[in-house]
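The values are calculated or read from the model by the stated rules, or taken from the named source; none is laboratory data. These figures come from a predicted structure and were not determined experimentally. With ideal geometry, Cβ positions are generated from the backbone for all residues, glycine too; neighbour counts draw on all protein chains shown.
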Amino acid sequence: METTPQAKKRWESIPNEVRMKILNNVWCGDCRTSVNLKSEKMSISDGMLKIDGKCMACSGPVCRVIENE
């Protein structure tokens, strides 16, 4: 699954500084710490932005969900 147009639009509406904070503060269950996320796809689920990707430290799967305002 690729990034959906709705998800891309929502992501781009977030200021760049905030986007970087989001991608650089993701919990990895394998590393058991906060890590950087390498984004692979984005989608909208239940009205929330979901970012799926890999941990930059161990390459394990990680996810970040951004709730609506």
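Just one of the numbered conditions (1) surrounded by 13 or more Cβ atoms within 10 Å (Cβ to Cβ); (2) at pLDDT below 95; (3) over 11 Å from the mean Cα position of the chain (by Cα) is not true of residue 39; which one?
(3)
For segment 1-49, give me the residue count where each residue is in contact with a helix residue (DSSP H, G or I) (Cβ under 7 Å, 6 or more places away or on another chain), closer than 11 Å to residue 62 by Cα and in a strand (DSSP E or B).
2
Can you name the residue in segment 50-69 that is touching a Lys or Arg at 6+ places or on another chain (Cβ under 6 Å) and either basic (Lys, Arg) or part of a strand (DSSP E or B) (or both) and is also farthest from residue 8 (Cα to Cα) among such residues?
Selected residue: 54.
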